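Working notes, structure below.
The values are calculated or read from the model by the stated rules, or taken from the named source; none is laboratory data. From a predicted model like this one, the values you see are computed outputs, not experimental measurements. Cβ placement follows ideal geometry from the backbone for every residue including glycine, while neighbour counts extend to all protein chains displayed. Areas reflect the complete protein model, heavy atoms only, side chains present, ligands, DNA and RNA absent. Shrake-Rupley method; radii C 1.70, N 1.55, O 1.52, S 1.80 Å.
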Amino acid sequence: MGLLNILKNDRGGQIMLGVLLVITILVPLLNLLVPESNPLHVPTYTVTLMGKYLTLALLAVAVDLVWGYLGILTLGHGAFFALGGYAMGMYLMRQIGDRGVYGNPELPDFMVFLNWQELPWFWQGFDQFWFAAIMIMLVPGVLAFVFGWLAFRSRVSGVYLSIITQAMTYALMLAFYRNEMGFGGNNGLTDFKDLLGFSLQEDSTRITLFVLSAVALAAGYLLCRHIMNSRLGRVCIAVRDSESRARFMGYRVENVKLWIFVISAMLAGIAGALYVPQVGIINPNEFSPINSIEIVVWVAVGGRATLYGAVIGALLINYAKTYFTAELPEIWLFALGGIFVLVTLLLPKGVTGFIDKLQQRKEAQA
Amino acid sequence: MSIITALEHVVDREHVYPFLVPKQAPTLDVSHKVLLYLEGISVSFDGFKAINDLNLYINDGELRCIIGPNGAGKTTMMDIITGKTRPDCGSAWFGQTIDLLAMDEPAIAQAGIGRKFQKPTVFEELSVWENLELAMADDRDVWSIFNARLNSEQSSMLLETIELIGLQENAKMPAGRLSHGQKQWLEIGMLLMQKPRLLLVDEPVAGMTHQEMDRTAELLISLAGRHSVVVVEHDMDFVRNLAGDDRTVTVLHQGSVLSEGRMSKVQQDPKVVEVYLGE
Ligand SMILES: Nc1ncnc2c1ncn2[C@@H]1O[C@H](COP(=O)(O)OP(=O)(O)O)[C@@H](O)[C@H]1O
Ligand SMILES: [Mg+2]
């Protein structure tokens, strides 16, 4: 079997995907079949929260692909995520139709409010789901291609590359804040009603979105693992560890980086597109530079260059974030910073690296 | 071009647009027996002339030893040939047709110039086998690497090479765990897998035992003929061993050729004696 073959030497991935499978089956059942009075009941709110975490885990996998395996410390992946989210948001806005406050069948509310007479050209086509689905991958992919083509060909790397990825997402944030851009300004896109005709308020839609997020995470994971199992994956590691040596062996390092970067950006776009209907809003804050830095922290905490570590890191930190922002909101940023410092000092290979080490020690003793 | 002819071109299905023709390095032409031409090359770093009007010709199939004290510019010369450093002036040709100064590192490597570094640089996290696999001559575009599968011919070539360098026991070991000498050998193996026409070998015996040195000399001599080999060393004994009585030795000093000829002749050269005794 092709799929099992991909996971052949990937015990962490087997465990992670196994747990994911169990959760994906169990959670909907516990939501639908167990009555609300029962303590085992999982409320729909929690299902959606978990679905949101899964999309962030996919985003972390995308970052691990380029940072863990290629050594490109991207601090701009939040931008690709947000662009995918906006593409989905535009489709959801068009789905509202004449049910908006102003009841305009063509124009979203914010355009009516701005006295616009017709739909801008770049909103054309977003009433079709297939078109939006293509844009969800195409827009982040094209931006990553243009950005990567310029940066990797001129051999920008290291800190400089990290800085320009930050600049990219920051510039996009400022642009999307502007009302004239036609993306709803600082309010962003919200008040979504339904997706492909299914109401977003319905439990069944929310559960479906959760399951789809799990499927997307699993598929994205398998794709990344498949790439890393190929010779291309070994070339990536070669580039990460000694870029010039790889060049002297005849590899076009810039092309390797470019294509992996594009794939990663498209995965981030898909993650963003699944995130938006579950949180119900997309606004320019998703582009803020701090978001992109946070993703890197998730990957560092989970353990770089393992892929499953990225998933674990994203889930751990986001669970902690939900907890802290509810209980002790003023502490969250300090807690995040503290976790990052502690992990870098004490667990240089992240949580998964630490577990590996414990196991090796146990095996050595046995 | 008028609109009509432009339209005719569009309609004409046989017409090939120049930008659609894949850029290909001209094929190697060694009809004049010379594989590498370096002429009038100079490089300076912050005003310091590391290479100074260097002229060097390597024949096809030749094994050439280049000696020179530390700082003579040996490594810099290799940097120029492999595209890492751009010279301030001069020209570098691979055969009659390939202009090395117009190409970047991967293009030069693909044209058939392989390089072994002074400091062994293997990919430490990859296994010995994987290091050799990556070095192996094969398609290098992203899609081909993604789809690459070893065919039986390639596997047997890998096996042969790994035996030749004596690392068959360590095939699955991460290259970072090899000893210094083993890394040197792995790098030579990687160079062979690349099947280059010209091998540039920078100080191959640094950190090797005497036994290993002899084996290395043997291997390099056996490579000459099929490949051209340029060996850079400052270890005189090793060079004497390698050059024998009938190979050309070039002495590099302060970035240019000080003396060139048979080992016995070069050793007598008063200029060489002065440089080496003055050291
Ligand atoms: N990138 C560089 N920047 C400045 N100086 C350099 C650089 N590369 C080499 N040099 C100088 O050029 C001279 C020749 O160096 P090199 O080619 O490494 O000598 P060799 O390999 O013969 O020992 C040395 O004096 C070295 O310090
Ligand atoms: Mg040197």
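Neighbours of B:Phe238 by Cβ distance under 10 Å: Lys/Arg scored +1, Asp/Glu scored -1, total -4. Summed over both chains, the accessible area lost when B and A associate is about 2600 Å², using a 1.4 Å probe.
Electrostatic tally near A:Phe210: other residues with Cβ closer than 12 Å to its Cβ, Lys and Arg +1, Asp and Glu -1, net +1.
Accessible-area loss of 50 Å² or more (1.4 Å probe, protein heavy atoms, chain alone versus all protein chains) is found in the stretch A:234-281 for A:Arg234, A:Arg245, A:Phe248, A:Met249, A:Gly250, A:Tyr251, A:Arg252. Our helix-only sum for chain B, with -39,500 (n - 2.57) per DSSP H run of n ≥ 4 divided by its residues, gives a mean residue ellipticity at 222 nm of -10500 deg cm²/dmol. For chain A, carbon and sulfur atoms together expose 66% of the accessible surface, with a 1.4 angstrom probe and every protein chain in place.
For chain A, hydrophobic long helices are taken as DSSP H runs at least 30 Å long by C-alpha position along their axis with mean Kyte-Doolittle hydropathy of 1.6 or more; these are A:11-32, A:129-153. Each label point was placed 7 Å from the Cα along the Cα-to-Cβ direction; for B:Met173 and A:Asn186 their separation is 6.3 nm. Electrostatic bookkeeping for B:Ser256 treats Lys and Arg as +1 and Asp and Glu as -1; over the other residues with beta carbon under 10 Å from its beta carbon, the sum is 0. In the protein assembly as shown, Rg over Rh equals 1.07, where Rg is the alpha-carbon radius of gyration and Rh the Kirkwood radius from pairwise Cα distances. Assign one of three labels to the stretch A:207-366, namely rounded, prolate or oblate, based on the Cα gyration tensor with a ≥ b ≥ c the square roots of its eigenvalues; rounded applies when a/c is under 1.5, prolate when it is not and a/b is larger than b/c, and oblate otherwise. In terms of gyration-tensor shape, oblate. Normalised per residue, the accessible area of the stretch B:120-195 is 46 Å², obtained with a 1.4 Å probe and no contribution from ligands, DNA or RNA.
Shape of the stretch B:95-253 from its Cα gyration tensor (a ≥ b ≥ c, root eigenvalues): rounded if a/c is under 1.5, otherwise prolate when a/b > b/c, or oblate? In terms of gyration-tensor shape, oblate. In the stretch B:133-167, burial by the other protein chains removes 40 Å² or more of 1.4 Å probe accessible surface, compared with the chain on its own, from B:Glu133, B:Leu134, B:Arg140, B:Val142, B:Ile145, B:Phe146. Spacing of the modelled spin labels on B:Asp237 and A:Leu150, each 7 Å from Cα toward Cβ, amounts to 5.8 nm. For the stretch A:109-123, putting each phi into the Karplus relation 6.51 cos²θ - 1.76 cosθ + 1.60 with θ = phi - 60° gives couplings of 3, 5, 6, 4, 4, 7, 6, 6, 8, 9, 5, x, 4, 6, 8 Hz, in residue order, rounded to whole numbers and with x for Gly and Pro.
When the inverse distances between all different Cα atoms of the stretch B:120-195 are averaged and flipped, the Kirkwood radius reads 12.4 angstrom. Just the protein heavy atoms count here, and of the accessible area of chain B at 1.4 Å, carbon and sulfur take up 52 percent.
In a reduced charge model with +1 at each Lys and Arg Cβ and -1 at each Asp and Glu Cβ, the stretch A:2-315 shows a dipole moment near 1520 debye about its Cα centre. Rg/Rh for chain B (Cα atoms only, Rh after Kirkwood) is 1.04.
Contact order for chain B, expressed relative to its length and based on alpha carbon pairs under 8 Å spaced 6+ residues apart, stands at 25 percent.
Which shape class, rounded, prolate or oblate, goes with the stretch A:1-98 when its Cα gyration tensor gives a ≥ b ≥ c as root eigenvalues, a/c under 1.5 marks rounded, and past that a/b bigger than b/c marks prolate? Cα axes put the stretch A:1-98 in the oblate bin. Using the Cβ-Cβ distance between A:Leu26 and A:Tyr319 with R0 set to 25 Å, the FRET efficiency works out to roughly 0.90. Accessible surface computed residue by residue for the stretch A:48-121, with neighbouring protein chains in place and a 1.4 Å probe, gives 33 Å² per residue. Here the alpha carbons of the stretch B:31-179 define both size measures, Rg and Dmax, at 18.1, 53 Å.
If you wrap the tightest convex hull around every Cα atom of chain A and split its volume per residue, you get 174 Å³.
Taken as Cα centroids, the stretch B:65-138 and the stretch A:39-56 sit 56 Å apart, rounded to the nearest whole angstrom. In terms of accessible area, using a 1.4 Å probe and ignoring ligands and nucleic acids, B:Glu203, A:Glu327 rank largest first as A:Glu327, B:Glu203. How high is the relative contact order of chain A, in percent, counting Cα pairs under 8 Å that sit 6 or more residues apart? In percent, rounded to a whole number, it is 31.
The gain in end-to-end length when the B:Gln211 to B:Leu150 segment is fully stretched comes to 18.6 nm, 0.36 nm per residue minus the alpha carbon separation.
Most simply put, the protein assembly as shown has about 60% antiparallel DSSP beta bridges, counting only bridges with both residues inside it.
Rounded to the nearest 20, the Cβ-based charge dipole of the stretch A:227-286 about its Cα centre (Lys and Arg +1, Asp and Glu -1) stands at 380 debye.
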